[in-house]
Amino acid sequence: MKKLINSPEAVLADALKGIDAAHPDLRVDHQHRVIYRATPKADGKVALISGGGSGHEPLHGGFVGPGMLDAACCGEVFTSPTPDQMQEATSVVDRGAGVLHIVKNYTGDVMNFEMAGEMAAADSGVRVETVVTDDDVAVQDSTWTAGRRGVGVTVLLEKIVGAAAEEGRDLDAVLDLAKRVNGQGRSMGMALTSCTVPAAGKPTFDLPEDQMEMGVGIHGEPGRRRVPLAGAAEIAEQLVDPILGDLDFTGSPSIVMLNGMGGTPLIELYLMYGEVATLLEKAGVQVARTLVGNYITSLDMAGASVTVLKADDELIRLWDAPVETAGLRWGV
Amino acid sequence: MKKLINSPEAVLADALKGIDAAHPDLRVDHQHRVIYRATPKADGKVALISGGGSGHEPLHGGFVGPGMLDAACCGEVFTSPTPDQMQEATSVVDRGAGVLHIVKNYTGDVMNFEMAGEMAAADSGVRVETVVTDDDVAVQDSTWTAGRRGVGVTVLLEKIVGAAAEEGRDLDAVLDLAKRVNGQGRSMGMALTSCTVPAAGKPTFDLPEDQMEMGVGIHGEPGRRRVPLAGAAEIAEQLVDPILGDLDFTGSPSIVMLNGMGGTPLIELYLMYGEVATLLEKAGVQVARTLVGNYITSLDMAGASVTVLKADDELIRLWDAPVETAGLRWGV
Amino acid sequence: MGSLSVVEAVTVDVLVGWLSAFRDAVHEHGAYLTELDSAIGDADHGANLIRGMDAVMAAVASPPEATGDLLKKVGMTLVTSVGGASGPLYGTFFLRMATASGDATSLDGPALLAGLEAGLEGIVARGKAEAGDKTMYDALAPALAAFSSSLDGGASLADAARAAAGAAAAGRDATEPMLALKGRASYLGERSIGHIDPGAASSALLLDSLAGALS
Amino acid sequence: MGSLSVVEAVTVDVLVGWLSAFRDAVHEHGAYLTELDSAIGDADHGANLIRGMDAVMAAVASPPEATGDLLKKVGMTLVTSVGGASGPLYGTFFLRMATASGDATSLDGPALLAGLEAGLEGIVARGKAEAGDKTMYDALAPALAAFSSSLDGGASLADAARAAAGAAAAGRDATEPMLALKGRASYLGERSIGHIDPGAASSALLLDSLAGALS
Ligand SMILES: Nc1ncnc2c1ncn2[C@@H]1O[C@H](COP(=O)(O)OP(=O)(O)O)[C@@H](O)[C@H]1O
Ligand SMILES: Nc1ncnc2c1ncn2[C@@H]1O[C@H](COP(=O)(O)OP(=O)(O)O)[C@@H](O)[C@H]1O
Ligand SMILES: [Mg+2]
Ligand SMILES: [Mg+2]
Ligand SMILES: [Mg+2]
Ligand SMILES: [Mg+2]
């Protein structure tokens, strides 16, 4: 295993040290492994917490800051954080208007956040609502009771809903908006290689030189199917088709993210986006905003995912609102 | 070779399509392979051009925009662009105050930019000055007549000098500043893996599981020496020591970049930065500003580099000035 | 294996022995658990349980007197140190077992069984797993059934625990041909077939450790 | 190999034949050139020359009449299509050779030699390479020396070109033990020793193609 780490056990603690040192506008609680804004938001505004396993950076810590999250709870690599972390963060960030928990739909994340919500409500009386993202079209929803995974839409949701919270909307409105964004986003991912979980010490799966995995999530898990390696144009089709087949994106402006899995260089991501843009245009999808880069990653996995969010003027306006985080930054 | 591409020959053209589609505030000349600002800067201001082989993204195209470059000339992967590209870009961006060429010190880059300067002066009378960056302490300067490579300081220089040009300084002042920044920056890089040049189809070198390359540049070339794989803290030492041994950084505020080589995920880069920050603090280096991420890459190489720039109040002020590019963005 | 003293009252010390044996087992078989989780999950199940059981053993270094207090500490420690799916599930298992055990300083066979059953109900309440979903439930449920019928048939605690361990191992193996309907393995659809569920494998270790501690 | 017609006047057609043979050679040996460049450079020398010579052959599809015009076109095409170190160097080589050749529609032995020598001077002017720096110069310089002394000794153009090709190959091989002092290979320091310089290898192909075209 070749990684810039000291030991598999220390990855998270050591990475948090670096985040702390690199970003004076963040405050890191090393004991609870929570990343906060150095300057909390104003009283009376809804606070947003997200969190999950580590290894998906910049998600979520890179999205803490004005216009986006108030705190990110960091679990071990690919392991959801524990309820006490979320409970602590919830009571710290609450400004009296309640807290929205943004949870990606994985059994572990959902159960841990559920327990945290129970604990927070019992202990401190903070009102907590939860949105569970589940945008991954690779997972056939109805058949699998664990439901679809939460992937790329989480990034877009944290940005848009963060802007709404900053405007002073109340918790019900923020929750409604979050559910709406999740409901209108779809994603699909693929991998050229597996990733290596530090504690496992070797790649999660072996992928021959001439094969790729279609329909992967963000935990280095094998995808829905293994298919022959193809060119970028064909891969783009295999990503875009199931998204467009799942929701009608015509007639509305869309926000599109071409996301890298962590080990794929930017030149390839731009190249892929060129192919995706061509396909979307052909299908009559009007792309209003674009994001190309590594935003929700799977350690060192090589691969990419596409997220399309069916937006409207309001969502575009919230998207364009100022954001000042390590991972997304504009309008400030 | 596993890459999100259509064919090795089409990598650059296809990637430029994606950049064009993703960034409405950039204009791409697909024939000359030059990336421009969609809105040129005001008349009477010095323009900045950079360029080099592709495969280092976001460098340089991702640094075109207000506060940084006016144009980036894109060569084939790891191959410097040709003089006609630079000549074309020079005449397009000139606003009457002359053009600064920012060139990384590689024989090919230097020769091609040199020919471009000769051609531009002869053809259009545009005044061209050139700064050649050479910050790589891995290369022992005196012995090797090719001199030190230009690496990480190029990013910092493009930002700082871009801000100065935006302020309206004249070409001589801009050139002086550029030389000063280059003279005060030092970098050192390492690789855990080689990268794969698309046209070559296989990794440039083989690196056993228990070895790493110290002192690599940004072209997938082998480093100065192959050493046993070590933990992040020890790697950080091997990167920081030769930098601090080459220039005295105490007594001034520094700007530090912890850069990823393209295939290393952000969690490892932050972890490395934590180690680097500790070492710099121990050595009495005062870190005023920090950048952690993939800024000057080597395709899919796994690895990292450290750049330290000895700054002062003026450089810090120019660093903090607004910048609005795909790769760096703040204050706007 | 052929131990001389046979445990018939499960004291706090015996419970600690069980936990200690389970900690050793997840250390010994951690790589195997992670390998199972690599095939149909995210390659962390071994690391999760090692982290959790190390934390548990540190937390129970000076154990409380009541079994319920001990088991509550175990549950809370798992909940706050493991994360993932297995943290809340195993955590809830011990928390519910703690409530069932209460102030008792030792548990006889039926009391131990009642505690284990309460724990399993907790897992079901949290995770909504059913038989055949390819989860830890598929090892735990047959194990407790075997435990129960062994006790009913007059077996010693040790023999009942051994029967339970055997049933858990069989349940673990039975997950191999199953199509996963819960947890991350379910994302794989048909591709989950042909692999043993990591949680079922760790549950089999838990029961095996119990049998060891009671022998 | 044992060709019947012996070329004594180098016309535009012969030059095009030379270029065409060089194009074929870089295609055939492109992977080898890139492999050499992988060891001590950046793994693009083959791709660079393939791209350049394909562009050259397209540019000279309907060749001009004067050798100087043809060679200028070749040089400009290389300069504007290759990039890297080899683009300006080979480009300058042909541009200087073009100037030396001027309006002549064919070149005799001494005129061809003068053109090649002007080209090499151009490479030196651009790249400042000296003998032993481990560059293309180390193949080209001995080749032109051999060409010159063969002509002086009364050899035919074909024989002189063959001697030059042989000397270029020897020069190429002689770069192997050298410590690189120019170009990217110099960054490697001692590690550059033990590898043939890619540019010296492509220059040997250039001379070999010339010998073929003149036989
Ligand atoms: N809903 C559920 N009910 C019962 N057990 C479950 C459920 N979901 C997952 N599991 C168990 O959890 C195990 C995975 O645990 P672990 O790898 O530690 O967590 P994660 O899946 O979050 O990475 C699975 O093998 C399965 O036995
Ligand atoms: N200063 C120089 N003078 C002469 N030849 C040089 C010089 N620098 C480099 N070369 C030649 O160029 C070759 C490399 O060409 P190429 O790989 O195409 O360009 P790059 O090094 O820019 O990738 C080297 O093998 C060497 O022969
Ligand atoms: Mg997990
Ligand atoms: Mg090159
Ligand atoms: Mg797991
Ligand atoms: Mg090269």
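Taking every residue in A:109-122, how many Cβ atoms of other protein chains lie within 10 Å of its Cβ, on average?
Mean shielding count: 3.
For segment D:1-121, what log10 I(q)/I(0) values come out of the Debye formula at q = 0.10, 0.12 1/Å, with one point per alpha carbon and no solvent?
-0.31, -0.45
Ranked from highest to lowest mean number of other Cβ atoms within 10 Å per residue, what is the order of the peptides C:102-112, B:317-327?
Per-residue Cβ counts within 10 Å, averaged per peptide and sorted highest first, yield B:317-327, C:102-112.
Using the charge dipole of chain D (Lys, Arg: +1 at Cβ; Asp, Glu: -1 at Cβ; taken about the Cα centre), state which of D:Ala98, D:Gly153, D:Ala143 has its Cα farthest towards the positive end.
D:Ala98
Counting DSSP beta bridges with both partners in the protein assembly as shown, what percentage is antiparallel, nearest 5?
55
What is the diffusion coefficient of segment B:174-224 in µm²/s, taking the Kirkwood radius over Cα pairs and the Stokes-Einstein relation at 25 °C with a viscosity of 0.890 mPa s?
190
Using Cα springs under 10 Å in a Gaussian network model of chain B, which residue among B:Ile296, B:Ile218, B:Ile316 shows the largest mean-square fluctuation?
Among B:Ile296, B:Ile218, B:Ile316, the largest GNM mean-square fluctuation belongs to B:Ile316.
Can you give me the % of accessible surface on segment B:185-310 that is carbon or sulfur? Probe 1.4 Å, all protein chains present, nothing else counted.
47
What number do you get for chain B when its Cα radius of gyration is normalised by 2.2 N^0.38 Å, N = residues?
0.94
Rounded to the nearest 100 Å², what's the accessible area chains A and C bury against each other, both chains counted, probe 1.4 Å?
2800
Provide, for segment A:10-184, the number of lysine pairs with alpha carbons under 19 Å apart, each pair being eight or more places apart or on different chains. Working shown, then result.
Details: A:Lys41/A:Lys159; A:Lys45/A:Lys159; A:Lys45/A:Lys179; A:Lys104/A:Lys159; A:Lys104/A:Lys179; A:Lys159/A:Lys179.
Lysine pairs, 8 or more places apart or on different chains, close enough: 6.
What GluC sites (Glu not before Pro) does segment B:192-235 have in DSSP loop regions with at most 13 other beta carbons within 10 Å?
Answer by residue number: B:Glu209.
What does the net charge come to around C:Glu28 if you take all other residues with beta carbon closer than 15 Å to its beta carbon, with K and R at +1 and D and E at -1?
Summing Lys and Arg as +1 and Asp and Glu as -1 gives -3.
Taking chain C as a Gaussian network, where each spring joins two C-alpha atoms under 10 Å apart, which residue of C:Gly84, C:Gly17, C:Gly30 fluctuates the most?
Top of the fluctuation ranking is C:Gly84.
Placing a label point 7 Å from Cα toward Cβ, how far apart in nm is B:Gly331 from its equivalents in the other copies, listed shortest first to one decimal?
For B:Gly331, the inter-copy label distances come out at 2.2 nm.
May I ask for the net charge around B:Lys41, where only other residues with Cβ less than 15 Å from the Cβ of B:Lys41 are counted and Lys, Arg are +1 while Asp, Glu are -1?
Once all neighbours under 15 Å are counted, the net charge is -4.
Compare A:Gln238, A:Gln286, A:Gln140 in a GNM of chain A, Cα atoms joined below 10 Å, and give the one with the largest fluctuation.
For chain A, modelled as a Gaussian network with Cα springs under 10 Å, the answer is A:Gln140.
Take B:Asp172 and A:Val227, extend 7 Å from each Cα along the Cα→Cβ direction, and tell me the distance between the two endpoints in nm.
It is 6.3 nm.
So for segment A:1-56, Kirkwood radius off the Cα pairs, Stokes-Einstein at 10 °C and 1.306 mPa s: how many µm² s⁻¹?
The estimated diffusion coefficient comes to 121 µm²/s.
Using every alpha carbon pair in segment D:77-181, what percent of pairs falls into each 10 Å bin from 0 up to the bin containing the largest distance?
Result, from short to long distances: 16, 41, 36, 7, 0 percent.
Suppose a student asked you for the relative contact order of segment D:10-214, using Cα pairs under 8 Å spaced at least 6 residues apart; what percent would you report? Could the numbers behind the result be given before it?
Details: 395 pairs, mean separation 47.6, N = 205.
The value is 23 percent.
Over its Cα atoms, what ratio of radius of gyration to 2.2 N^0.38 Å does the protein assembly as shown give?
1.05
I'd like the orientation of helix C:67-81 relative to chain C: the angle between its Cα long axis and the longest Cα principal axis, in ° from 0 to 90, rounded to 10.
Between helix and principal axis, roughly 30 degrees.
Direction-averaged shadow area of the convex hull around the Cα atoms of segment A:1-99, nm²?
Convex hull of Cα atoms, orientation-averaged projection: 6.1 nm².
Round to the nearest 10 and give me the degree value, 0 to 90, for the angle of helix D:86-101's Cα axis relative to the longest principal axis of chain D.
Taking the Cα atoms of chain D, the angle to D:86-101 is about 30 degrees.
Can you work out the base-10 log of I(q)/I(0) for segment D:10-214 at q = 0.10 1/Å, using the Debye formula on its C-alpha atoms alone?
Rounded to two decimals, the profile gives -0.36.
Straight-line reach from C:Lys73: which lysines have a Cα under 28 Å away, not including same-chain ones fewer than 8 places off?
C:Lys128, C:Lys182
Percent relative contact order of segment A:37-148, based on C-alpha pairs within less than 8 angstrom and at least six residues apart? Each step should come with its number before you reach the end.
Numbers: 217 pairs, mean separation 28.6, N = 112.
Relative contact order for segment A:37-148 comes out at 26 percent.
Among the GluC sites (Glu not before Pro) in segment D:29-122, which ones are in a DSSP loop with at most 15 other Cβ atoms within 10 Å of the Cβ? Mind listing them?
D:Glu65
Divide, for segment C:60-138, the radius of gyration over alpha carbons by 2.2 N^0.38 Å, where N is the residue count.
Segment C:60-138 yields a ratio of 1.10.
Would you tell me the mean number of C-beta atoms belonging to other protein chains that fall within 10 Å of each C-beta in B:273-280, as a whole number?
Going residue by residue through B:273-280 and averaging, the value is 5.
Rounded, prolate or oblate for segment A:185-319? Axes are the square roots of the Cα gyration tensor eigenvalues, ordered a ≥ b ≥ c, and the cut-off for rounded is a/c under 1.5. Write down the numbers at each step before the final one.
Numbers: a/c = 2.21, a/b = 1.74, b/c = 1.27.
It is prolate, given that a/c is not under 1.5 and a/b is the larger ratio.
Can you give the calculated 222 nm mean residue ellipticity of the protein assembly as shown, where each DSSP H run of n ≥ 4 adds -39,500 (n - 2.57) and the sum is split over every residue, rounded to the nearest 500 deg cm²/dmol? Show your work: numbers first, answer last.
Numbers: 32 runs with 508 residues, N = 1094.
It comes out at -15500 deg cm²/dmol, rounded to the nearest 500.
Buried by at least 40 Å² relative to the chain on its own: which residues of segment C:50-85 qualify, computing accessible area with a 1.4 Å probe on protein heavy atoms?
Those residues are C:Arg51, C:Val79, C:Thr80, C:Gly84.
Along Cα→Cβ at 7 Å, what distances in nm separate the C:Pro110 label point from those on the other copies, shortest first?
Spacings between copies for this position, smallest first, are 12.3 nm.
What gaps in nm, shortest first, separate D:Pro177 from its twins in the other copies when you place the label 7 Å past Cα toward the beta carbon?
7.1
Please work out the average accessible area per residue across segment A:185-319, using the 1.4 Å probe convention, and give it in Å².
29
Where a ≥ b ≥ c are the square roots of the eigenvalues of the C-alpha gyration tensor, would you call segment A:245-332 rounded, which needs a/c under 1.5, or, failing that, prolate if a/b is larger than b/c, or oblate? Write down the numbers at each step before the final one.
Values: a/c = 2.15, a/b = 1.15, b/c = 1.87.
Judged from the Cα gyration tensor, segment A:245-332 comes out oblate (a/c at least 1.5, b/c at or above a/b).
Once a ≥ b ≥ c are taken as the square roots of the eigenvalues of the Cα gyration tensor of segment A:10-184, is the result rounded (a/c under 1.5), prolate (a/b larger than b/c) or oblate (a/b not larger than b/c)? Let's see the in-between values first.
Working: a/c = 1.42, a/b = 1.13, b/c = 1.26.
Rounded shape, in that the Cα axes give a/c under 1.5.
The values are calculated or read from the model by the stated rules, or taken from the named source; none is laboratory data. These numbers were taken from a predicted model, which means no experiment stands behind them. A quick note on method: Cβ atoms are made from the backbone with ideal geometry, for glycine too, and the neighbour counts reach across all protein chains shown. Ligands, DNA and RNA are excluded from the accessible area calculation, which covers all protein heavy atoms including side chains. Shrake-Rupley method; radii C 1.70, N 1.55, O 1.52, S 1.80 Å.
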